[in-house]
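The values are calculated or read from the model by the stated rules, or taken from the named source; none is laboratory data. Keep in mind that what you see is a predicted model, and the values were worked out from it rather than measured. Neighbour counts are summed over all protein chains in view; Cβ atoms, including those assigned to glycine, are modelled from backbone coordinates with ideal geometry.
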Amino acid sequence: MFSFIKKLFSGNVKRLANYGDGLAQVAQITLYMILMEQLSNQNSNKDKDAIRSVASSWSNYLFGRPPSDQHKNLDLDAEHAKAIRWLDNEGAPYQKLVIQGLRIIATANYARSGTAKSIGIEILERYGKNFPDSPDLDSYGASLVLIIVGDLDEESRNNVYHYIWTGPYAPYFKTSKALGWN
């Protein structure tokens, strides 16, 4: 049932937890890129920095991450409500990516610390029942690649791949079935 957890406790816990965190980070970056494109298309007259700020606040919220300093000028309650409306409508194809990402982050945190941190509870309660399967790192990575290839423009795709190959999680991705480059 919980193959990800079984893998964590049968192998190198730190390596698998970091790999899971890395996958969730790449998913969040990918979602940010998708949001940037959609928000830019809907608000062509809006300042790019304002669009970046909104897109990052939405992606942080959807992946259970705290707001950053660049979000201090935003009404976060209103932006979070807009992020949920987006996930209900235009973002519906990305619900599973978000839900499984939240589950992977929580499981990786639990594997490292032995305590379960509650992140994204309201999102999990709202959409989790639609995706009852426990997270599987290999299938999550494969579905993430499909989204990167299928939904991002070439520049965004190249930026995500650059992060995969050079970012802090690169050593964990190198041998990945989905993201590896060996």
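Descriptive notes on the structure:
- Any hit, region 158-179, residues being buried (at least 20 other Cβ atoms within 10 Å of the Cβ), touching a Pro at 6+ places or on another chain (Cβ under 8 Å) and at pLDDT below 95: no
- Lone unmet requirement of (1) at pLDDT below 95; (2) within 14 Å of the chain's Cα centre (by Cα); (3) farther than 24 Å from F173 by Cβ for D69: (2)
- Considering S56, S44, S40, the condition of being within 16 Å of the chain's Cα centre (by Cα), within 26 Å of N158 (Cα to Cα) and of a type in the set (S, T, N, Q) is satisfied by S56 alone.
- Cβ-Cβ under 8 Å pairs, at least 6 apart or on other chains, region 111-140 side more than 16 Å from L97 (Cβ to Cβ), far side surrounded by 15 or more Cβ atoms within 10 Å (Cβ to Cβ) and of a type in the set (S, T, N, Q): T115/N109; A116/N109; K117/N109
- Residues being touching a Lys or Arg at 6+ places or on another chain (Cβ under 7 Å), in a helix (DSSP H, G or I) and not assigned by the TED database to the domain that holds A108 are represented in region 168-176 by at least one member.
- A81 vs. criteria under 21 Å from K14 (Cβ atoms), without any contact (Cβ under 8 Å) to a residue 60 or more places away in the chain and not β-branched (V, I, T): no
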